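The values are calculated or read from the model by the stated rules, or taken from the named source; none is laboratory data. As the structure is a computational prediction, the values presented were derived from the model and not from experiment. We place every Cβ from the backbone using ideal geometry, glycine too, and count neighbours over all the protein chains shown. SASA here: full protein model, heavy atoms, side chains in, ligands and nucleic acids out. Shrake-Rupley method; radii C 1.70, N 1.55, O 1.52, S 1.80 Å.
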Amino acid sequence: SAQSFAMIRGGKIAMAILGAMEVAENGDLANWMIPGKMVKGMGGAMDLVAGVERVVVVMEHVARKKDGTTDLKILPACTLPLTGVRVVNRLITDLGVMDVTPAGLKLVELAPGVTAEEIRGKSGVPLL
């Protein structure tokens, strides 16, 4: 563990791939806690996103609750505590691939069987 964090903090890692609870259209990342829930700590995610050149987030496009409803995970601004500010470069979900650009999220690729209308309808922000 000490060696891996020395590599991360020393700028020796070019890219990190991690999960997220929320991603904002400007690349903000929230992935370490939900207020009111027990957490062990923030772990190494903050080190990862601060110490690499490129951050790729892989997650489900929407959060599915036990009661069958869903919550958006791609938002204009994160509602959960931030892990990193403007750190996400690429977002890969079960519906498609988006790149974070200065103009917003750019839709790069759709998952098989997914339409542009479907992914736009399940995103909390416009997709370029």
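Table: residues versus (1) modelled with pLDDT under 85; (2) touching a Ser or Thr at 6+ places or on another chain (Cβ under 7 Å); (3) surrounded by fewer than 13 Cβ atoms within 10 Å (Cβ to Cβ).
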site: Gln3; (1), (2), (3): no, no, yes
site: Met38; (1), (2), (3): yes, no, yes
site: Gly44; (1), (2), (3): yes, no, no
site: Leu48; (1), (2), (3): yes, no, no
site: Gly51; (1), (2), (3): yes, no, no
site: Val57; (1), (2), (3): no, no, no
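Residues being closer than 17 Å to Val58 by Cα and touching a residue at least 60 places away in the same chain (Cβ under 8 Å): count how many of those fall in the stretch 84-110.
7
Would you check which residues across the stretch 98-120 are in contact with an Asp or Glu (Cβ under 8 Å, 6 or more places away or on another chain) and more than 15 Å from Asn26 (Cα to Cα) and list them?
Selection gives Val108, Ala111.
Can we say Gly113 is under 17 Å from Glu60 (Cα atoms), open to solvent by less than 40 Å² (accessible area, probe 1.4 Å) and among the small types (Gly, Ala, Ser)?
Here the answer is no, as Gly113 does not meet what is asked.
What's the number of the only condition in (1) surrounded by 14 or more Cβ atoms within 10 Å (Cβ to Cβ); (2) more than 14 Å from the chain's Cα centre (by Cα); (3) free of Cβ contacts under 8 Å to residues at least 40 places away in the same chain that Ile119 fails to meet?
Condition not satisfied by Ile119: (3).
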